Each structure stands twice: as structure tokens, then as C-alpha cells.
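Undergrad: One structure coming up, written as C-alpha cells, with questions to follow.
The values are calculated or read from the model by the stated rules, or taken from the named source; none is laboratory data. Computed from a predicted model, the values in this text were never measured in an experiment. Backbone-built Cβ (ideal geometry, glycine too); neighbour counts: all protein chains shown. Quick note on the areas: whole protein, heavy atoms, side chains included, nothing else; ligands and nucleic acids left out. Shrake-Rupley method; radii C 1.70, N 1.55, O 1.52, S 1.80 Å.
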2 protein chains.
Amino acid sequence: MTAHSLWERFQNYYLRYEDLGFSIDISRMRFADDFFPSMQGKAEKAFADMKALEAGAIANPDENRMVGHYWLRAPELAPTAELRSEIETTKKDVLDFAAAVHAGSITAPGGKRFTEVLVVGIGGSALGPQFISDALGTTGDKMAIHFLDNTDPDGFDRTFDTLNDKLAATLVVVISKSGGTKETRNGMVETAAAFAARGLDFSKHAVAVTGPGSELDNVAVTGGWLKRFPMWDWVGGRTSVMSAVGLVPMALQGLDVDGFLAGAAAMDVKTRSTEVSQNAAMLLALMWFYAGNGRGQKDMVLLPYKDRLVLFSKYLQQLVMESLGKELDLDGNVVNQGIAVYGNKGSTDQHAYVQQLRDGVNNFFVTFVEVRKSRDGESMAVEPGASSGDYLQGFLRGTRTALYEGGRDSITISIPEVNAFQIGVLIALYERAVGFYASLVNINAYHQPGVEAGKKAASAVLTLQGKVRAALTAAPLTVAQIATAVGADPEAVYHVLNHLAANNRNIKHAGGKSLAEEQFSVVA
Amino acid sequence: MTAHSLWERFQNYYLRYEDLGFSIDISRMRFADDFFPSMQGKAEKAFADMKALEAGAIANPDENRMVGHYWLRAPELAPTAELRSEIETTKKDVLDFAAAVHAGSITAPGGKRFTEVLVVGIGGSALGPQFISDALGTTGDKMAIHFLDNTDPDGFDRTFDTLNDKLAATLVVVISKSGGTKETRNGMVETAAAFAARGLDFSKHAVAVTGPGSELDNVAVTGGWLKRFPMWDWVGGRTSVMSAVGLVPMALQGLDVDGFLAGAAAMDVKTRSTEVSQNAAMLLALMWFYAGNGRGQKDMVLLPYKDRLVLFSKYLQQLVMESLGKELDLDGNVVNQGIAVYGNKGSTDQHAYVQQLRDGVNNFFVTFVEVRKSRDGESMAVEPGASSGDYLQGFLRGTRTALYEGGRDSITISIPEVNAFQIGVLIALYERAVGFYASLVNINAYHQPGVEAGKKAASAVLTLQGKVRAALTAAPLTVAQIATAVGADPEAVYHVLNHLAANNRNIKHAGGKSLAEEQFSVVA
């Protein structure tokens, strides 16, 4: 296209919400003029699905659940007065609790002020708090925040080493919707042990965010923990950042909870429009559909040009891929849907993989995120007439142009600055785009059956480990002998044996010329 | 396949280097028995190319350069005595400098000990040091390390806020091979200003790592900086972590430089074998070729099950994508090669996008990285008979099995523990695999023409910004009027105007019903 017709196209496909300072530009996606008319029917279906979802329909049929994350920032829309009240009460409770901690009316035993927050959670119970705390944190935060988001023993030790003397001033927030997630349980158990090793009473430092009546909830009740906040079955982990899951860490850190919710609510209002051209979330979903032919044939590369947004792609990786990566459609057909998401930040990534984006395999589309404000206060000139922020902008625009000229498509989203309100805006935009896209391709965006399968497979490995350990003797045995003894696949047995030998001083591994000759034994 | 034949296949395609504690398992990639024979010719060509490269051939023909990163850990292999001496002298110089800083014989003005390192660099001058410092750092490090790796003004401010009072005890290491990278130049200029604002003499805190005679080198000489270390044109940025680029930060942090180089050297020795089945780097390259049909049709997902390896995928994203993402092959044909790389860590990612890997679009292969040792010291039981590390292992093995059963391929790499030696092992493995793969698909892995194009496009935006600013008047003008005045594309002008209005209090933006009616002006 000529520059002139690109300017025309830009004006046609540039949507602004002036009151939010938000814009989205889809002009550099090469869809044809008939694309939007051809998608009108599907878009209308998606609008209708979303309307039903927001009104309390069972939008997650496999789990027979409502999907209510939009109510978290607009409780008046909840389908019952009870739900509305639960949302409002919980939010007030979170803010009151954080205020009491900050004021020193809730303290560690002995009256020691809490200065640190340790969040123990994984996936939907960690990625939201991590993104928010990194995007909005400053050296002036009310409390410093730390995370345990895995079951890596060395990772636990590293965090305990960092906290060290500050453990006595640490408030631990254990987050698990189901209350039975093993990584989180392990992190909790090891944290409690670390407290005990220093003569501290863990339960007087501990807060639970979990489903009422869950395994974790019972632990918290029995142990007399400081506080419990509820999770609800109508909020999925990956959309839980505006429930207590996200708000407790955010409030403790001293960030703007009300602004965050208001930003999301404001974007929700805009994206309830059923006029496609005015609905940023629908434009986004349609662009994903266009880019990948509704089959995820192109990866989504996220390039926010702002250090504070570096975790946005990790957050969206979960939101998009866990929601859209599904084997079956709603009619039971095998469809293997999904969109791969990756990215870090610009212009940093231009010095890494953007070489491939420009010249290499064209299996992606880029989403640029522009933040209009460079910094608080004035900028110095790093050379005559140019600031560091001018360069950042130059790299964004230059890269968008270079990619387009090389036949690579991109979307550009702009926000005025990084603050709690705008983070709410971005999250709400993507939550709804994901919901719309799921309707466009006819899948359930709100369950995660594959995650359960992985957990079961892991559980089988642990059961096998117990059997293998019991089958070991002082006399060395081969892998085949042990596999026969426990009635299991020799390869699985071999991996268990290697793991045991590497981590237990009393289990010995003797090499052989081949795997078949290797032997394992127990030393008394 | 049955469990029995999988055990056979595992034994056939499981390669161990017992002296390194390293293994690679390619048995869960579904190549047919004739795959290796069919690739033998290409593999031999790749071995020959690599041999020539290591002997000092011009392996980067576009830039007419040798490719010498393998000499950095085996200086005796450098093609001339001069190069050998330069490598050895530089390493000694790095270690001596760090020792002097640690001993307090090199200090900040007034004798203040340096306790912090601030690395200013981007891409190849940041990702290596970031990966290493995160993988190997402990609370017992000799110095704490910080990074400026972008041209984001807010990102600069945030780091300066964090350093704050410690700026007086901060040693700044500015790293730029060419010495002209704008992000790094901007970071350096703003850092110098931050020092000046606190009455500190930046030059007495500054160290340069750059090509002798570069723009940065001249600044360092003129300014009388503390120290300069060389970069060489025969080391590419993305393979520079074993030159002064990586070694200076590593040595200052107090990490094991000799172990790191020894690990890489040891893997190099193994992967110089021209027997395909015994060469882990060639097996890796062939698996990439198999997975993506030699055209990058599958994404490479990296899943290290260890918190300390979370940045490995970011490091490999650059190494693999910048090396392999090329438009032309060595004969000038348009091939648009590359392999997309993403990933974070397990089992964390199992609670995020692994849902899509298992059930969704099958456009990837996974590389699991297993670390056999769970932690220093003994583990507690988190439930009867199981530790946190047993769970981590269970999730890795369970996920590998679940993916395989769902028709998804994977490679598993195992190392005994995360230490400097093993990080050297991993980096050397991937460096050589990338080199081999480039030969298999006949491309130059050692240049980055697309990066240059992005820089040029950005420079054009900055030039335009100067013109647009000069064209603004006290009388409001439309975008079209300004575009005509400066003779430029109205869309590009519009973006520049928006950026200027957002960051300069004296530039006004008046909205209109349409973009065509908007007006911009300068306030005196």
C-alpha cells in the first residue's frame, strides 16, 4: 500500500476511548475489506454468549459453573444479591486488613510490625500478583513482596535465605483456590518449617486465600491463622486477579486497589458495545482469528515498550493459552485449538529475537504496547533534541514499520501511562478478548482438563517412587529386576532410581557398560 | 509404542557423558529409524563447517569475520598466538580487577568500597550476565548486581531509586561491542547524570567493555574511566558471555569464572566428536530439524524444572532466534528460516500454558531440563515418603509422559546440579547445536541484518521528530498541514505528534471529531 492509502487505513482502523486515554490500531493487520462483514455473524454470537455469561449463565459447562470475574469490578451486575454482597464484603475486608497491618494494629507475635509479604501460590494464584507488583511497585511501597511459585527445594531455600532475619516480620499469604495444589502445599509446609526452625509461630504470620471448606481452609481454621479470605468456584484461577487472590497482595503492598478495579470496570463498559468497530476486545479477538485462520496458525508476540510491563506477556501466556488451548470444541469435535504467546519487552527484544521476526519464519503477529508517558517529570537530552523516551518511541515505531514492510503484521495498543487504572484496563481488555475468541471458535475458555491430566501423571510417578524405594535391597539389583518386582515400566523405574540415587545418600548407583547392566542398592 | 519398545527406544537414544554428569534423551521424538541415516550427509557437512570455523575460517561471510567464541574457553585453539594471548591476558585482567575491587585496593573516590555492580547493556551485552547472575547468585555474593537493559526512562529511574544511597558504592560496567548502541549510550548518559546529581564523579565509578577504538572506548579514554576491557569482532554479542562481556560481571559478583569456562570447554570436547550418536549438540540440531522439517515449523518450548534456570529460555531465545532467523540462505535464496523459542520453568508453567501444550495446537516440541540434585542438604518430608523435590521430579516425568501420550514430542536434558561448570556445559551445548543447525539448513548463524534495519527505521523516526517539532507553531495545525510542511507520511507524523504532546508540557493537542480535524500547537 502507498503511504496515502495506509493513512486512510489507519484512520479507518484506529479506535480510541478518549476518556480512558486508550487506543488500539489494527491497520497493520492485512485483512481484506470484506473480513469484518464475513465475521459479523460469529461476532454477534460471541456478544450474545458474553451477555449470557455476565448474566450468570453456566458458561463453563464441563464444570457446571458460572463465570463471574466481570462482577468483581462491578458487583452490582452479579446475578444475586448474595454474590454481590460477598464481593463487596470481601473487598472491604481486604482493604481493612491491609490498613490494620500497615497501621500496626495487626502485628507479628510480640508486636513486631510486618514489613514483608511472602505469597505462596502458583499459576493463577501467582502470575497476577507478580505482574501487578512488578508493574506498579516502587521503593515507597508499604511492604516488600516475595513469591514461592514452584516446588523447587532450592528455590525455597533461596527465598528463605533472602528473607532470613526478616522472617520474623513476614506475613505469609498462601493462595490456592482448590486448596489442594501440591506445589503450594509444599511451599506452605516448608515455609512453616523455616519459621519453626527460627522459633517463630507460623500460624501467627499466616493468611489463607482459598475456597471455603477446602483442605487449605481447614488447615487455616485448625491452625488458628491470622486471617482467611474466600475464593469462589465462579472465578477461575487465571481470571482471579481482581478477587482476594490479587487484591490481598496488592493492598498489602500499598497499591491502588480501587483504581485497578475502576480501570477494569471502565474497559468492561466500553467492550460491552455490540458495535464491532467500537469494541476493542472484539477487534482484538477478530484479529487473532484473522491472523491464525481461527486455528492458532500464528504465534502472538507481545512487545510492550516499557520495563514495567515485562511480565505482561507471561500473564497473557497463561490467560490466553490456558483458556484457548483446548482439544475439543463445545460440540465435542477434536479441534486442538490455542494460540502460542510469548514476548518480553521493547526495545530490549529488538536486540534479541526481533531479528527472526523481521527476516525469519513468518509464523507470528506482534502486539506492540505503547505507553505514551516516558517518565515522571522532565527528561534530559541524551543528545541534542532527543531524550531516552524519544528513542524508546522511535524504536517502537521504527520496528512496526520495518516489520510491516517485511510483510509481518502487527497490532498496536496505546495507554497513557502505567498505573493501577491502566493495568485494570489492559487486563479487562484481554479477559474479554479471550472470551470472545472462545465463542468465535466455539470452545470452553473456562476449564483446564489438561492440567488435571498432568497432575495425575505426576501422582503416578510418586506412587511408583514409593514402590521402587521399598523394592530396593542391600544386594544390588538391575533396573529390569526392580521393574519386575514393582510391576512397572522399566524406563519409568530407571528415572525414579536416578532421582533417588541423586538425592539420598543411602541409595547407591553402580554404572555398567549399558543401562541393562546398571545396578541400584540400599546401604543400611 | 508399547512400554517395552519405549524402553528399547530409550536405551537406543539416551546419550550420557558420565564424567560431566550430563545426559540427553531424544527417545520421545517420533523420528523413524531411517531419519539418522538420511541426515548423515548433512551432518558430515556440518561437522566439516564447524571444524573450519574453529580453525579460524571466515564463518561469517557477510561481515567477513572469523567466529571465535569456542577459543574463549580453549585459548590454545585460537588460530594465532596473538589471539591466544589476548584471550588469556583479558581473562587474567578481569580476575585481577575483580580481586582488587573485592580487596578494596580499587575503590570509589574517598576510599569507599564498591558493593554494587550496575551493568548497562542490552541484548548480547545483558542476557548472558542476567542469566548467569540469576542462575548462580546467592546472598553470599561479593557484590550485588543490577541492570539497565533498555532505553525506558521510567526503567532508569526505578533502578536509580533502588540504588539511591548506594550509588556512591556502585561500580558501573558499560557493555557495548560496537560502542554505538543507542539504548546503552542513553543508559550511560542518564547514569552519569544520576551520579552528577548526587555530586559523584561518574568516571571514577565506570568501566567499559567494548571494541578498542569504538565510540564508547573513546568516551572511556577521554573521561579517564577506571578500567577498559576489550571486545573483539570475532565474538558475536549473543555468544559473548565467555568474553569480558560475561566474565566482568561474573567475577565482580564473585562467581566461579574458571569453573564456567571449564564446563564449556568440557562440552566442546564432547561435541567435537564426528560420530552423530555420541554428539549431544548434533543430536539436538537434528531433533530441531526433525521437529520442524528443517523449516522451523514447530516452536521450541523450554521447560527447565528449576527456579534458577528460569532465564535460560530468554537466553536461548536470543541465541537461537537471532542466529537462525534469517531471510536468505548462504546461496542467496529466500528461505525465511528460524525457530521460535519460549518458556519459563516447571512445574510452574504446568499451571499456565501447559494446558495448551497438552490439549491444544500441536505446533511445538518441548525441551525438558532436569536438575538431578534437589537442594543443598537433606530435604524434609512434605508428606510421608515424599519431599518437595520428589514432587518436582514427579511433575517433570508426569508431564513428559502426558505430553507423549497426547502425541507431543519432547527432548530431556539432565544435569547433576546448577553450578558454574554446568551452566558452561549448557551454553556450550546450545552454541554448538545452533552452529550445526545453521549448517544443516545452509544459513549464516553469525550476523543479524534485521537488527540493523530496525535501528535505521528508528533513526528515521527521530529525524522526523526533529522536523515535526520545528514545524509546530503557536497557531494550531492539522496533521495533514504538518505532514505537508515536513514532507512526510501523515501517519508517521501523527504518532510523533502524539508522543511529543504526551511528554512536553509546551505542546498542545486539541481533539476533533476525526483524526483529520485534530490540531497541534506550541505554547510559547
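Undergrad: On the given criteria, is A:VAL334 surrounded by fewer than 24 Cβ atoms within 10 Å (Cβ to Cβ), at the interface with chain B (Cβ under 7 Å from one of its Cβ atoms) and among the β-branched types (Val, Ile, Thr)?
TA: On the way: surrounded by fewer than 24 Cβ atoms within 10 Å (Cβ to Cβ): yes; at the interface with chain B (Cβ under 7 Å from one of its Cβ atoms): no; among the β-branched types (Val, Ile, Thr): yes.
Spelling it out, it is not the case that A:VAL334 is surrounded by fewer than 24 Cβ atoms within 10 Å (Cβ to Cβ), at the interface with chain B (Cβ under 7 Å from one of its Cβ atoms) and among the β-branched types (Val, Ile, Thr).
Undergrad: Within the stretch A:12-34, is there a residue that is in contact (Cβ under 8 Å) with a residue 24 or more places away in the chain and assigned to a helix (DSSP H, G or I)?
TA: Checked against the condition, which is being in contact (Cβ under 8 Å) with a residue 24 or more places away in the chain and assigned to a helix (DSSP H, G or I), the stretch A:12-34 yields no hits at all.
Undergrad: Taking the stretch B:289-312 as the search range and keeping residues that are in a helix (DSSP H, G or I) and closer than 22 Å to B:ILE443 by Cβ, which one is most open to solvent (accessible area, probe 1.4 Å)? Explain how you work it out, then say what you get.
TA: So in the stretch B:289-312, the residues in a helix (DSSP H, G or I) come out as B:289-292, B:307-309, B:312.
Filter once more, keeping what is closer than 22 Å to B:ILE443 by Cβ: B:289-292.
Working: B:PHE289: 35, B:TYR290: 64, B:ALA291: 16, B:GLY292: 2 Å².
Of everything passing the filter in the stretch B:289-312, B:TYR290 is most open to solvent (accessible area, probe 1.4 Å).
Undergrad: Let me ask something else about it. Regarding B:GLY424, is this residue buried (at least 24 other Cβ atoms within 10 Å of the Cβ) and touching a residue at least 24 places away in the same chain (Cβ under 8 Å)? First the steps, then the outcome.
TA: On the way: buried (at least 24 other Cβ atoms within 10 Å of the Cβ): yes; touching a residue at least 24 places away in the same chain (Cβ under 8 Å): yes.
Answer is yes for this residue.
Undergrad: Are any residues in the stretch A:438-450 at the interface with chain B (Cβ under 10 Å from one of its Cβ atoms) and either without any contact (Cβ under 8 Å) to a residue 12 or more places away in the chain or buried (at least 19 other Cβ atoms within 10 Å of the Cβ) (or both), and if so, which ones?
TA: Going through the stretch A:438-450, the residues at the interface with chain B (Cβ under 10 Å from one of its Cβ atoms) turn out to be A:443, A:447-450.
Result: A:ILE443, A:HIS447, A:GLN448, A:GLY450.
Undergrad: Give the stretch A:21-38 a look and list any residue that's among the hydrophobic types (A, V, I, L, M, F, W, C) and open to solvent by 10 Å² or more (accessible area, probe 1.4 Å), or say none.
TA: Let us first name the residues in the stretch A:21-38 that are among the hydrophobic types (A, V, I, L, M, F, W, C), namely A:22, A:24, A:26, A:29, A:31-32, A:35-36.
If the condition is that a residue be among the hydrophobic types (A, V, I, L, M, F, W, C) and open to solvent by 10 Å² or more (accessible area, probe 1.4 Å), then A:ALA32, A:PHE35, A:PHE36 are the ones that fit.
To keep it simple, each residue is scored yes or no on (1) in contact (Cβ under 8 Å) with a residue 60 or more places away in the chain; (2) closer than 21 Å to B:GLY237 by Cβ; (3) assigned to a loop (DSSP other than H, G, I, E, B).
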{"position": "B:THR274", "(1), (2), (3)": "yes, no, yes"}
{"position": "B:ALA281", "(1), (2), (3)": "yes, yes, no"}
{"position": "B:MET287", "(1), (2), (3)": "yes, no, no"}
{"position": "B:LYS314", "(1), (2), (3)": "yes, yes, no"}
{"position": "B:GLN317", "(1), (2), (3)": "no, yes, no"}
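Undergrad: Could you please give the count of residues in the stretch B:180-189 that are touching a residue at least 40 places away in the same chain (Cβ under 8 Å) and either in a helix (DSSP H, G or I) or surrounded by fewer than 24 Cβ atoms within 10 Å (Cβ to Cβ) (or both)? I'd like the intermediate steps shown before the answer.
TA: Going residue by residue through the stretch B:180-189, those that are touching a residue at least 40 places away in the same chain (Cβ under 8 Å) are B:181-184, B:187-188.
Subset that is either in a helix (DSSP H, G or I) or surrounded by fewer than 24 Cβ atoms within 10 Å (Cβ to Cβ) (or both): B:182-184, B:187-188.
Residues that pass the stated criteria total 5.
Undergrad: While we're here: Inside the stretch B:166-182, can you point out the residues that are within 14 Å of another protein chain (Cβ to nearest Cβ) and either of a type outside the set (A, V, I, L, M, F, W, C) or farther than 19 Å from A:VAL382 by Cα (or both)?
TA: B:LYS166, B:LEU167, B:SER176, B:LYS177, B:SER178, B:GLY180, B:THR181, B:LYS182
Undergrad: Which of the residues that make up the stretch B:93-113 are open to solvent by 60 Å² or more (accessible area, probe 1.4 Å) and of a type outside the set (S, T, N, Q)? Steps first, please.
TA: Narrowing the stretch B:93-113 to residues open to solvent by 60 Å² or more (accessible area, probe 1.4 Å): B:96, B:103, B:105, B:109-110, B:112-113.
Listed by number, the residues that qualify are B:ASP96, B:ALA103, B:PRO109, B:GLY110, B:LYS112, B:ARG113.
Undergrad: Run A:TYR13 past the list (1) of a type outside the set (D, E, K, R); (2) more than 28 Å from A:ILE443 (Cα to Cα); (3) more than 28 Å from the chain's Cα centre (by Cα); (4) within 14 Å of chain B (Cβ to nearest Cβ) and report the number of the one that doesn't hold.
TA: All conditions pass for A:TYR13, except number (2).
Undergrad: Looking only at residues in the stretch B:468-524 that are acidic (Asp, Glu) and open to solvent by less than 30 Å² (accessible area, probe 1.4 Å), which one is farthest from the other protein chains (Cβ to nearest Cβ)?
TA: Of the stretch B:468-524, the ones acidic (Asp, Glu) are B:489, B:491, B:517-518.
Retained after the next criterion (residues that are open to solvent by less than 30 Å² (accessible area, probe 1.4 Å)): B:491, B:518.
On the way: B:GLU491: 5, B:GLU518: 11 Å.
Applying the filter and picking the extreme gives B:GLU518.
Undergrad: Okay, next question. For the list (1) open to solvent by 40 Å² or more (accessible area, probe 1.4 Å); (2) in contact with a Phe, Trp or Tyr (Cβ under 6 Å, 6 or more places away or on another chain), I need the number of the one condition that B:VAL209 fails.
TA: Every listed condition holds for B:VAL209 apart from (1).
Undergrad: Same structure, new question: Restricting to the stretch A:139-163, what's the tally of residues that are facing chain B (nearest Cβ under 7 Å) and farther than 18 Å from B:ALA135 by Cβ?
TA: 2
Undergrad: Would a scan of the stretch B:70-92 turn up a residue that is basic (Lys, Arg), open to solvent by 60 Å² or more (accessible area, probe 1.4 Å), in contact (Cβ under 8 Å) with a residue 40 or more places away in the chain and in contact with an Asp or Glu (Cβ under 6 Å, 6 or more places away or on another chain)? Can you show your working first?
TA: Pass one, the stretch B:70-92, residues basic (Lys, Arg): B:73, B:84, B:91-92.
Still in the list and also open to solvent by 60 Å² or more (accessible area, probe 1.4 Å): B:84, B:91-92.
Checking the rest, the ones that are also in contact (Cβ under 8 Å) with a residue 40 or more places away in the chain come to B:91.
From what's left, in contact with an Asp or Glu (Cβ under 6 Å, 6 or more places away or on another chain): none.
No, the stretch B:70-92 has no match at all.
Undergrad: I'm trying to understand the selection: among the residues of the stretch B:345-378, which are outside any helix (DSSP H, G or I), at the interface with chain A (Cβ under 7 Å from one of its Cβ atoms), farther than 22 Å from B:ASP134 by Cα and open to solvent by 10 Å² or more (accessible area, probe 1.4 Å)?
TA: Correct list: B:VAL361, B:ASN362, B:ASN363.
Undergrad: Then there is this: Count, please, the residues in the stretch B:127-165 that happen to be basic (Lys, Arg) and farther than 23 Å from A:GLU378 by Cβ. Before the answer, list the steps.
TA: As a first pass, look at the stretch B:127-165 and keep what is basic (Lys, Arg): B:142, B:158.
When the remaining residues are screened for being farther than 23 Å from A:GLU378 by Cβ, the result is B:142.
Selection size over the stretch B:127-165: 1.
Undergrad: So which of B:ALA52, B:ALA46 ends up being of a type in the set (A, V, I, L, M) and either touching a residue at least 24 places away in the same chain (Cβ under 8 Å) or crowded, with 19+ Cβ neighbours inside 10 Å (or both)? Give the derivation first.
TA: Values: B:ALA52 fails: either touching a residue at least 24 places away in the same chain (Cβ under 8 Å) or crowded, with 19+ Cβ neighbours inside 10 Å (or both).
Of the residues listed, the single one that is of a type in the set (A, V, I, L, M) and either touching a residue at least 24 places away in the same chain (Cβ under 8 Å) or crowded, with 19+ Cβ neighbours inside 10 Å (or both) is B:ALA46.
Undergrad: Take the residues in the stretch B:102-119 that are under 16 Å from B:ALA251 (Cα atoms) and hydrophobic (A, V, I, L, M, F, W, C); name whichever of them is nearest to the chain's Cα centre (by Cα).
TA: Within the stretch B:102-119, the match that is nearest to the chain's Cα centre (by Cα) is B:VAL119.
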